[in-house]
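Okay, so here's the structure we're looking at.
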Amino acid sequence: MELIQENVSALATKLGATPEVITKFLTDAAAAEEVKPFATSLSALQVFSETDFNTRLTNERQIAAQEATRTATGNTYGAIDTRILKATGIAKTEGESTADYSERAYKEKFGKPSGDESEELKRLRSDIAAKDQLLTQKTTELDQLNVKYATDAKQARINAALDAAINALPINVEDKYLDSHRKLVKMELMQAYDVDVVEGKTIFKEKATGKEVRDTKTADYITEKALIEQFAPQVVSLKQASTTTGSGYKGSGNNFNTDGDASGFDFSKYSSLKEFAEDLNKQGIPSGSPKGAKLYGEFKKQRPDLK
């Protein structure tokens, strides 16, 4: 059985294994001992959709924040309620605030008329005011934490969608260089666009103009996959679709770092000498180097229409 190595590498990255282990797991029954740790780990593997994962992450964080709020409230006022009960012997009624409870209990216990409070009641009032201020501060901090959780969840969703689209690109490079090329695509993309999620839709905006990017066919917001497929060729060399290779792709002819005669490269895609020069720079080939000079010479030979 022939395996598509690009897909094997992508699957290995997702599962935290090496391409060799994945290949043997799928094709070589005799390699059972070698792949046993990987096979065992599969039984504990749980797969979530992006939406389910982000929903679970958000809900768990909200539950933690709510529990922290309840704990802070209970600890703050519970200690004062205990002091009142100990001093007066009068229990707090259900739903009664700590402030109302302190005033009622001390008046019932000591019979002080309004305006003639005991020193203990005055101290309690002062303590309650201080606790109110502290609780307000803590509530504000928890609100800020909730905002951060929501922001983190949104960013996690954005990163997951971008990574999935970038990992699916047929980058024309050896497997050992795939990760660095994918990171380059993402870095360049994030420098060119601002990304946000609004009401469940991912929205890209050009940083240079602030303009939202939309699909030219549907006029809807462009998807991560569509934008990255348009953007990636500006950064890396992609394989072109082919029916003659097992992987379904062939070399694009524009990876100038591969060995070969310069006359065999495809110069037809360039619309200007500047665009060709930028492509060379992105691939790390200085124009003044021997290889750069050779490529420039072949470019001018094949594209005399461009200056």
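No lab work stands behind these numbers, since they all come straight from the coordinates. Because the structure is a prediction, the values reported are computed rather than measured. Heads up, the Cβs are rebuilt from the backbone with ideal geometry, glycines too, and the neighbour counts pull from every protein chain shown.
Please compute the length gained on full extension between Val197 and Gln137, using 0.36 nm multiplied by the number of residues separating them and subtracting their Cα-Cα distance.
Values: separation 60, 0.36 × 60 = 21.60 nm, distance 2.99 nm.
Residue separation times 0.36 nm, minus the Cα-Cα distance, leaves 18.6 nm.
Based on the Cβ-Cβ distance of Thr27 and Ala160, what FRET efficiency does E = 1/(1 + (r/R0)^6) give at R0 = 35 Å, to the nearest 0.05?
That pair, Thr27 with Ala160, gives E of 0.75.
Name the residues whose placed amide hydrogens come within less than 5 Å of the amide hydrogen of Asn172, ignoring near sequence neighbours (fewer than 5 apart) on the same chain.
For Asn172, whose amide H was placed from the backbone, the distant partners under 5 Å are Ser237, Leu238, Lys239.
Can you tell me how much longer the chain between Lys109 and Asn59 gets when fully stretched, taken as 0.36 nm per residue apart minus their C-alpha distance, in nm with one decimal? Write down the numbers at each step before the final one.
Working: separation 50, 0.36 × 50 = 18.00 nm, distance 4.62 nm.
Gain in length upon complete extension: 13.4 nm.
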